[in-house]
Every structure is written in C-alpha cells, then in structure tokens.
Amino acid sequence: MELDYTEIGRRIARRRRELGLRQVEVCDRAGIHDKYLSCIERATSIPSLEVIMKLALALDTTPDEFLIGSARYESEEWRNVAELMRGMSKGQLRLAKSFLTWLTDQNM
C-alpha cells in the first residue's frame, strides 16, 4: 500500500479545523515545530510514524483517520500503543513498524 501524503496532510488539517485548533496549538500538544506541521499539511514534508502517532494523540483521534481516512473509536487500546511508541528510538520504531506490517498481513 502506497501512502498519499497529500491526502494525509489534508486529513490532518481537516481534523485540526474540526477541533477549532490553530497549528501552533496542535504543535504544542504533539511536541513538534509549527513549521513542520504546516509542511505536513501541505505535503512538502513526509511525517514519520512517530509524528503521525503524536498528531493523532494531539488531535484526539486514531492514526487510521490520517492514514486511511477512517477513525476507530471503539477502543482506547490505540492510545496505549501510541504511548508505548512515543518513547521509542528510531530503531525501535522501525522494528515496531515491521512487526505491525507483518501482523496486519496475518489472517487471525
């Protein structure tokens, strides 16, 4: 699956506007630079998985809403996973991404 970063940026911006938040407010919540969020929303920068997770937490949604356009609210488990990932190193995040990719391919 190839990600459409233009659409991801639009989804992030749309969610931010739905909540009535300015970019700087979201950046403060997510711990990222406000110029970076502007670039993500305009698809001039590609966010890492960690940044997607931080933005999802800051905008009270799931990463699904940004990545595939549908949020899952039936469980708070995604927040627990996001919190675990927040403190991971780049190497740990790569490993987590590999595992999650493998896990989604399993027929369970």
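The values are calculated or read from the model by the stated rules, or taken from the named source; none is laboratory data. Not measured: the values here are computed from a predicted model. Note that we place each Cβ from the backbone using ideal geometry, even for glycine, and neighbour counts take in every protein chain shown. Surface accessibility is based on the protein's heavy atoms, side chains included, excluding ligands, DNA and RNA. Shrake-Rupley method; radii C 1.70, N 1.55, O 1.52, S 1.80 Å.
The packing ranking of peptides 83-90, 56-63, highest mean first, is 56-63, 83-90, where packing means the average number of other beta carbon atoms within 10 angstrom of each residue.
Computed from Cα positions, the angle between helix 5-18 and the longest principal axis of the chain comes to roughly 60 degrees.
Each helix, a run of at least 4 DSSP H residues, gives -39500 (n - 2.57); summed and divided by the residues of the chain, these come to -19000 deg cm²/dmol at 222 nm.
Between Ile68 and Thr44, the distance separating the two model label sites (each 7 Å from Cα on the Cα→Cβ line) works out to 3.1 nm. Just to confirm the number: angle between the C-alpha axis of helix 90-104 and the first principal axis of the chain, 0 to 90 degrees, nearest 10? That helix lies at roughly 60 degrees to the long axis. The mean sequence distance of close C-alpha pairs (under 8 Å, at least 6 residues apart), as a share of the length of region 1-43, puts its relative contact order at 55 percent.
Taking all protein chains as present, what is the carbon and sulfur share of the accessible area of the chain, in % to the nearest whole number, probe 1.4 Å? Carbon-and-sulfur percentage of accessible area, whole number: 52. Each of Asp60 and Val24 was given a label point 7 Å from its Cα along the Cα-to-Cβ line. The distance between the two points is 2.2 nm. With all protein chains kept in place, the per residue accessible area of the chain amounts to 65 square angstrom at a probe of 1.4 angstrom. Computed across the chain, the Kirkwood hydrodynamic radius from all distinct Cα-Cα pairs reaches 14.3 Å. The protection proxy used here, the mean number of other Cβ atoms lying within 10 Å of each residue, ranks peptides 8-19, 96-107, 35-46 as follows, highest first: 8-19, 35-46, 96-107.
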